[in-house]
Every structure is written in structure tokens, then in C-alpha cells.
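The structure under discussion appears below in the form of C-alpha cells.
Every number here is computed from the coordinates shown, using simple stated rules; none is lab data. Predicted model, so just to flag it, every value in this text is computed and none were measured. In this analysis, Cβ positions are derived from the backbone assuming ideal geometry, glycine residues included, and neighbour counts consider all displayed protein chains.
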Amino acid sequence: MRKARSGEGRSGAKGNRRSGAMGKGAPKSVEGYLARVPEPARGTLKKMSAAIRSAVPREATETISYGMPAFKHNGVLVWFAAFKDHCSFFPTASVIEAFQKELKRYPTSKGTIHFPTDKPLPSTLVKKLVKRRVAQNESKKEG
């Protein structure tokens, strides 16, 4: 496999696929991650974080996982991140599949929802997605 040239991602395609906060080594905290993200994406991610926080159990914790902010409770629930030209929310493929109709206006891939840096996902939608993910993790814990 050839080594990617400057400006190329792992796939060799041009474009910035790295998280917008990944400039000087991986951040150690969510606050550190957000401090590195330029506006308007920072404000968008802060709104997303607040919506997630309101939907997870009180015991859930924020962490950095795979270089991105994440919430954990019985395992990682969701991740979110800023990139050069969009933000992403990672609630897992099964959650995206369960909410296909509500997500039809957003570009999605297997486990990711993309949205503009200046337009957060609606809080009510984020909360629904997170609550589904919490239920999944709870059922894994019991089973």
C-alpha cells in the first residue's frame, strides 16, 4: 500500500478526514478537544454535548475515545467530532438504521451522521438517538 501524500487521508483521497481538533496530538479531555475546534463548529458541538448529557444516565462520563469526545456508560454510547467542512455524530449503525426516516435529510454512512458545522442536529433528535443507544447498552449489560 502506498503512503498517503500530504493532504490525503488514509484512503489516498484528497481532503481532510481528520478531526478538526487533532492538530497537535490527541487532546486529553473533552474541554481540551473543544478548545481546539474553531467556531462555528465549537458552538455546534457544545450544543450537541449538552443534548447528549441531558439524555444519558447521571453516572455517564465524558471521555476521549479514538481521539474524539464520547460519552460512556456500560461502554461507549456515542462519539461526536468536528472536521474541516462538517461535524459528525457517531451513535452506531444500528441506531442510525432504527431512525432512517428521521435522518433522511442528513448524509449518513454505516455508523455516522454528518451535518454542517454551523447547524447542529436538533436536540430532540439527538436525545432520541442517545436514549436508544443507552437502551442498547443496558440490554447488553443484562444479557
Pairs where the first residue, in the range 82-94, is at negative phi and the second is hydroxyl-bearing (Ser, Thr, Tyr) and not in a helix (DSSP H, G or I), C-beta under 6 Å, 6+ apart:
Cys87/Thr117; Ser88/Thr112; Phe90/Thr112
Looking at (1) part of a helix (DSSP H, G or I); (2) under 13 Å from the mean Cα position of the chain (by Cα); (3) within 19 Å of Gly43 (Cβ to Cβ), which one does Pro120 not meet, given that it meets all the others?
(1)
Applying the selection to the range 22-36, what residues are among the aliphatic types (A, V, I, L, M), part of a helix (DSSP H, G or I) and surrounded by fewer than 17 Cβ atoms within 10 Å (Cβ to Cβ)?
Ala35
Going through the range 48-105 one residue at a time, which ones are in contact with a helix residue (DSSP H, G or I) (Cβ under 9 Å, 6 or more places away or on another chain), within 22 Å of Leu34 (Cα to Cα) and among the acidic types (Asp, Glu)?
Glu62
